[in-house]
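J.: Below is the structure I would like to discuss, written out as structure tokens.
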Amino acid sequence: MHPDAPPIGRRERNKQQKLERITAAATELFSAHGVDEVTTQQIADRADVGAGTLFLYARSKAELLLLVHNVKFADAIETGVAAASGLSDPIDALMAIVRPIVECNRVQIENGRTYLRELVFGDPEEPHRREGLALSLRVEAAFVDVLRRDGLSEADAAELARAISAVMFISITATIHRDLSDDGVVDVIRRQVAVMLARRA
């Protein structure tokens, strides 16, 4: 906390503590059992809150997954951006961004697939979904930065970044890739990106 910031009131402190307990409970249960096998009542019980309280923070199990996974997604993006900053080859730099995102979304494959599906098709008014979509735009911006270093115009880099992002998310969620290792999925994405960049040359 900033030294000049006013102290947090008891009510806000209690709300923050409940949110932390709910997030921790959802993270633990989703990781152990998968989102489809966990009920909101189980999360409320583990967090030691009532079901009504739980729904003040997230109105559905899907929203709870978004809440939990956004944190992991944000960390993965920052890890990838940091790794890409020291790489001169554009494909290597793009894959440095892609790899932690792939890994993040495949720790529990069904959770990752459900999370990405909720980002695409979920409730547009849901705040955790909006946060996740903002993170997706952060990924595209990171791709643009790499592509601009390779000499592409801002407009061309933005178009290509959207295409790379689509390839990445489809490759992560595609049933045909379910049994691949993380390295295998990254390699699938790398080959497609290499073709896309070659066609731009």
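The values are calculated or read from the model by the stated rules, or taken from the named source; none is laboratory data. From a predicted model like this one, the values you see are computed outputs, not experimental measurements. Note: ideal-geometry Cβ built from the backbone for every residue, glycine included; neighbour counts use all protein chains shown. Accessible surface areas use protein heavy atoms only, side chains included; no ligands, DNA or RNA. Shrake-Rupley method; radii C 1.70, N 1.55, O 1.52, S 1.80 Å.
J.: Mind putting together the pair-distance distribution for region 74-135? All Cα pairs, 5 Å bins, whole percent per bin, short to long.
T.: 4, 19, 21, 20, 18, 11, 6, 2
J.: Right, here's the next one. Kindly give Rg over Rh for region 18-110, based on alpha-carbon atoms, with the Kirkwood expression for the hydrodynamic radius.
T.: Numbers: Rg = 16.2 Å, Rh = 14.4 Å.
For region 18-110, the value is 1.12.
J.: Say a site is exposed when it is one of the trypsin sites (Lys or Arg not before Pro), sits in a DSSP loop, and has at most 16 other Cβ atoms within 10 Å; what is then the longest site-free stretch of the chain?
T.: Counting only loop sites that pass the neighbour cut-off, the longest clear stretch is 60-177.
J.: Then there is this: Could you give the length gained on full extension between N14 and R148, defined as 0.36 nm per residue of separation minus the Cα-Cα distance, in nm?
T.: Result for the pair: 43.7 nm of gain on full extension.
J.: Continuing with the same structure: Given H placed on each backbone N at 1.01 Å, which residues far from L87 in sequence or on other chains put an amide H within less than 5 Å of it?
T.: Those lying under 5 Å, H to H, from L87: there are none.
J.: A further question follows. Find how many whole Å separate the alpha carbon centroid of region 42-56 from the alpha carbon centroid of region 182-199.
T.: Value for the Cα centre distance between the two parts: 42 Å.
J.: Give me the Å³ per residue figure for the convex hull around the C-alpha atoms of the chain.
T.: 147
J.: Then there's this: Using C-alpha positions alone, give me the convex hull volume of region 101-201 per residue in cubic angstrom.
T.: 102
J.: Related question: Between D179 and D48, what is the label-point separation in nm under the 7 Å Cα-to-beta-carbon projection?
T.: 4.5
J.: For region 34-75, what size does the Cα cloud have along each of its three principal axes, sorted from largest down, in whole Å?
T.: 30, 21, 16
J.: Of N111, V68, A82, which is farthest on the positive side of the dipole of the chain, counting Cα position, with +1 on Lys and Arg Cβ, -1 on Asp and Glu Cβ, and the Cα centre as origin?
T.: Highest projection toward the positive end goes to V68.
J.: Counting each pair of different Cα atoms once, what's the Kirkwood radius of region 128-182 in Å, rounded to one decimal?
T.: For region 128-182, inverting the mean 1/r across all distinct Cα pairs yields 12.3 Å.
J.: Hey, what's the chain come to in accessible area per residue, 1.4 Å probe, Å²?
T.: In whole numbers, the chain has 54 Å² accessible per residue.
J.: Which residues does a label at A163 reach in region 57-97, if reach means a backbone N under 15 Å from a point 7 Å past the Cα toward the Cβ?
T.: 91
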